[in-house]
Amino acid sequence: MSAGGLAVHRQKMTLQTTSSDEDLLRRMTAGDEDAFAELYRRRQSGVYRFALQMSGSPAIAEDVTQEAFIVLIRIAERYDPARGSLAAYLYGIARNHVLRRLEQDRAFVPLADTTDDGATVPSMIVEGDPLGDLTRGERIQSLRDAILALPAHYREVVVLCELHEMSYIEAANVIGCAVGTVRSRLHRARALLVEKLRAARDRDSNSKEVKPARCFA
Amino acid sequence: MNCHDFEAAAGELAAGRLMDAAQRESAFAHTTSCSRCAARLSDERALTAGLRLVANTSVEEAPARIEATVLAAFRQNAIVPEIGHLKTTRARWIYAAASAAAIALIAALIALFASRTSESQQPELRKAINPSPTVPDAPRQAAPPQQTSPASPESVAASKPKRSTDRARNLSRSRPQPNRANRATFDAEIATDYIPLMNRELFAQMDGGQVMRVELPRSALMSFGLPMDMERASERIKADVVVGNDGLARAIRFVR
């Protein structure tokens, strides 16, 4: 590697390791594509997962992720660091787009993601201990389904505070509501999830009960 | 702590969120005596564990094509602001130039209006300060009588120029006064001094007369030694002629 190339490489390494989101955003607004690419790679996963957990649709999650960063490109100057982190700003943009999409798609019957031969695509790849992972996978999927079945205003606080481990304040910044509202919604959402999981567990236990049968042998 | 209070704190207790230490101890103590709340805490802990499992297994990322799309959008957007910046800069220069031109035009109009006003208010004074070199002093000493009103010889004699520095004042006083309707027209005119057409003795004998506005060929200017633009020789020029009651022309001035 030449001296110039080494310098560029070191600069990029420094960019990746030390630049804050705000620094990257500032450089991005000045036209630095590398800074934007770094910011995207740093934050796309969270935004995509948030949209996926909110919608349950990879297609919507992709669209929302794309829209969130395109909006950031266009209105980056509106970001105010005093009002919250850049991540929260991005989540807020993604939230608005997710809710809009969910509102638009409410009238449509969702289709399951299927392969060409009609088999359902597993949402999570399970490797290793097949039996234990199957149980765990079922448990995770049932919880994901329960989260998706929550009303949107409860679902978003669960996704933000429980799955993305945001504080109440950060979640309130994303949603645009009071911290107390986040706390009360989360409390209610957890209670609903507990009820759903308890009901599912009761169904499972009833189905696993051994029923006596007469043997004609 | 009762069951209602425990219900409110169960979620945060199971999630391990920050809470008051005394409240936490009280909640745990309540579960030892309330099987229902103990079951609720167990469910909350199971939920917390399940949510953490979901969070830890959620490693999805956006497809690579999304990155390509947003990077393309960034490049496109980076070009647009540059063009917009150029447009803005150009527009600012245009606005600045237009503003400067407008200011200069307004200033010129104001200056022109001021000069016109000054000329119309004191044309004779300006002439007195900058007399035409082609017009001899002697003829300018003559003064016409009052317009449309017979003037006595004394008044005519009194209006004779005294060849002094107050010539402008004399000329101004001897100038025929237009009526109010024609004042604007007269104010806009520039005229030479009256040039006598006869000697002083005959001028002094004039017992009255009037001023008549006539049009003459421009070549008449040369007859009185005034400069003339040869390219405009075919045009006509206005003149005021002082005519005595005897019908003889006493003096003339040229008007522009």
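Values in this text are rule-based calculations from the coordinates and carry no lab data. The structure presented is a predicted model; accordingly, all values stated were derived computationally and were not measured. Here the Cβ positions follow ideal geometry from the backbone for every residue, glycine too, while neighbour counts run over all protein chains shown.
Applying 1/(1 + (r/R0)^6) with R0 = 45 Å to the Cβ-Cβ distance of B:Ala55 and B:Asn77 gives a FRET efficiency near 0.85. Taken residue by residue and averaged, Cβ atoms of other chains lying within 10 Å of the Cβ of A:188-199 number 4. Exposure proxy ranking for A:Leu160, B:Leu216, A:Leu86, based on other Cβ atoms within 10 angstrom of each Cβ and starting from the fewest, stands as B:Leu216, A:Leu86, A:Leu160. Going from the residue with the fewest nearby Cβ atoms within 10 Å to the one with the most, A:Phe69, B:Phe224, B:Phe28 rank B:Phe28, B:Phe224, A:Phe69.
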